[in-house]
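Reviewing the structure listed below.
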Amino acid sequence: MSGVLVVTEQREGAWNRMSFEALAAGQQLAAMLGVPCSAAVIGAGLSPLTTELATKKLEKVFSIQHDLLAEYTSDGYVHALEQAVQQGDASYVIFPHTYQVRDFAPALATRFGQVLISDVIAVHEGPTFVRQLLQGKLNADYRKPTPATPESPCFVSVQAGTFRAEAVEMGEAEIVALELKLEPGQIRNRPGERFRESSQTVDLSAAPLIVSVGRGIKEEENIALVQELADALGAELAASRPICDNGWLPMERQVGSSGQTVAPKLYLAVGISGAIQHLVGMKGAAMIIAVNKDENAPIFEVADYGVVGDLFEVVPALTKAIRVAKS
Ligand SMILES: Cc1cc2nc3c(=O)[nH]c(=O)nc-3n(C[C@H](O)[C@H](O)[C@H](O)COP(=O)(O)OP(=O)(O)OC[C@H]3O[C@@H](n4cnc5c(N)ncnc54)[C@H](O)[C@@H]3O)c2cc1C
């Protein structure tokens with residue numbers, strides 16, 4: 001059996017943090033199959049990134065460089081990665097499940113007569129890839145119906161926060177520059193404004209600290225209490241769906257199955273019950289602290305630390321203590 005290829009994501013020379021989560025997933029899959037793991041970087045001006053990747057436990061680091069790839073376009077990425085996959089020896093191609101990957105990876109898989117097994121939360125022997133269905137109520141196992149080969153690889157994207165970037169194993173890799181044939185006429189689309197670049201949007205998936213507020217806050221004007229706590233911690237403010245549905249915070253701050261998936265170092269949930277649709281968006285946090293007055297709230301089942309208490313007492317006290325500790 002041939003190897004695993006992880007396609008990383010960068011923008012203007014800066015990594016998308018989820019690249020390393022995909023790398024951890026790729027290394028885990030390769031170890032399970034007893035095959036080598038390689039990685040690819042795509043874009044222009046990539047040498048610092050390929051050098052960094054070459055310090056990981058990988059067989060090869062493929063540099064997929066072209067001036068026409070300086071800015072992301074789905075056509076450019078599909079054409080380039082199609083050639084990269086054809087030149088490589090990968091039976092499994094792994095991506096981070098980013099917005100960009102959602103845009104181009106299904107088309108790339110189609111070039112090989114395959115589908116993308118998307119938003120995977122675990123990899124088991126087989127290999128079998130686990131996806132969540134029905135807002136996280138069911139886990140479903142997916143596998144390629146015929147054995148994966150380099151001629152017909154299996155394309156998989158992994159959910160944010162499922163694999164830990166810190167788990168990436170270090171080593172040494174050979175850097176290989178791929179020869180690409182890419183013409184301007186092949187790229188039909190023109191880059192527009194990026195989803196996360198509008199002044200209103202916030203990238204919670206990259207936030208290391210998140211304070212999240214739920215319906216326990218009761219009134220819109222009380223959100224300020226939690227905002228103060230977030231400010232004291234230097235954290236992003238997020239919310240459960242009812243808060244965003246009410247228009248108390250913008251939709252882009254919603255965490256959950258119909259909002260953002262986050263994987264911060266700390267997720268502090270304030271007045272959030274812990275419905276499954278919320279949990280699927282934040283269970284990948286390294287540490288979860290919950291404040292809820294109901295000791296039976298489901299959020300405590302996933303919390304590392306829980307405070308059973310009235311948020312209107314706990315939150316101001318916490319904010320004050322943090323300010324004192326910082327002063
Ligand atoms: C298709 C679909 C998609 C959905 N997508 C999402 C999603 O993306 N994200 C999401 O969050 N939800 C989503 N939901 C909604 C989800 O099912 C829940 O309704 C929602 O998460 C509940 O939000 P909550 O925890 O803030 O509110 P509640 O469930 O009402 O919980 C409020 C909590 O606050 C506590 N509380 C009350 N007063 C205090 C106080 N003074 N001090 C401390 N604690 C207090 C209560 O004990 C309670 O546990 C979705 C639902 C559906 C059907």
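Taken together, 38, 63, 2 contain a single residue that is in contact with a Lys or Arg (Cβ under 6 Å, 6 or more places away or on another chain) and either over 26 Å from residue 147 (Cβ atoms) or among the polar types (S, T, N, Q) (or both), which is 38. When segment 66-77 is examined, which residues are found to be crowded, with 19+ Cβ neighbours inside 10 Å and either closer than 19 Å to residue 89 by Cα or in contact with a strand residue (DSSP E or B) (Cβ under 8 Å, 6 or more places away or on another chain) (or both)? Answer for segment 66-77, where residues must be crowded, with 19+ Cβ neighbours inside 10 Å and either closer than 19 Å to residue 89 by Cα or in contact with a strand residue (DSSP E or B) (Cβ under 8 Å, 6 or more places away or on another chain) (or both): 69, 77. The criterion of being within 11 Å of the ligand (Cβ to nearest atom) and under 15 Å from residue 298 (Cβ atoms) does not hold for residue 259.
Here's the yes/no breakdown for (1) over 22 Å from residue 85 (Cβ atoms); (2) in contact with a helix residue (DSSP H, G or I) (Cβ under 9 Å, 6 or more places away or on another chain); (3) assigned by TED's automatic domain parsing to the domain that holds residue 27:
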residue: 108; (1), (2), (3): no, yes, yes
residue: 118; (1), (2), (3): no, yes, yes
residue: 124; (1), (2), (3): yes, yes, yes
residue: 132; (1), (2), (3): yes, yes, yes
residue: 139; (1), (2), (3): yes, no, yes
residue: 145; (1), (2), (3): no, no, yes
residue: 148; (1), (2), (3): no, no, yes
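Is segment 136-143 home to any residue that is within 17 Å of residue 30 (Cα to Cα) and buried (at least 18 other Cβ atoms within 10 Å of the Cβ)? There is no residue in segment 136-143 that is within 17 Å of residue 30 (Cα to Cα) and buried (at least 18 other Cβ atoms within 10 Å of the Cβ). Which ones in segment 262-271 are of a type in the set (A, V, I, L, M) and within 12 Å of the ligand (Cβ to nearest atom)? Answer for segment 262-271, where residues must be of a type in the set (A, V, I, L, M) and within 12 Å of the ligand (Cβ to nearest atom): 262, 269, 270.
Could you tell me whether residue 274 is assigned to a loop (DSSP other than H, G, I, E, B), buried (at least 21 other Cβ atoms within 10 Å of the Cβ) and within 9 Å of the ligand (Cβ to nearest atom)?
Numbers: assigned to a loop (DSSP other than H, G, I, E, B): yes; buried (at least 21 other Cβ atoms within 10 Å of the Cβ): yes; within 9 Å of the ligand (Cβ to nearest atom): yes.
The answer is yes for residue 274.
Looking at segment 27-146, the strands (runs of 3 or more DSSP E) lying wholly inside it that each contain 1 or more residues that are among the aliphatic types (A, V, I, L, M) and free of Cβ contacts under 8 Å to residues at least 40 places away in the same chain sit at 37-43, 128-133, 138-142. Taking the criterion of being within 7 Å of the ligand (Cβ to nearest atom) and on the phi < 0 side of the Ramachandran plot, the residues of segment 241-256 that qualify are 241, 242, 243, 254, 255. Could you list, in sequence order, the residues of segment 279-301 that are modelled with pLDDT of 95 or more and in a helix (DSSP H, G or I)? Scanning segment 279-301 gives 299, 300.
Might you let me know whether segment 218-240 holds any residue that is near the ligand (Cβ under 7 Å from one of its atoms), touching a residue at least 60 places away in the same chain (Cβ under 8 Å) and in the same structural domain as residue 285 (by TED's automatic domain parsing)? The answer is no, given that none of the residues of segment 218-240 is near the ligand (Cβ under 7 Å from one of its atoms), touching a residue at least 60 places away in the same chain (Cβ under 8 Å) and in the same structural domain as residue 285 (by TED's automatic domain parsing).
At pLDDT below 90, within 23 Å of residue 61 (Cα to Cα) and not aromatic (Phe, Trp, Tyr): which single residue out of 136, 88, 171 fits that description? Step through it out loud before you land on a result.
On the way: 136 fails: within 23 Å of residue 61 (Cα to Cα); 171 fails: at pLDDT below 90.
Residue meeting the stated conditions: 88.
The values are calculated or read from the model by the stated rules, or taken from the named source; none is laboratory data. On a predicted model such as this, the values are computed, not experimentally measured, just so you know. Note that each Cβ is placed from the backbone with ideal geometry, even for glycine, and that neighbours are counted across all protein chains shown.
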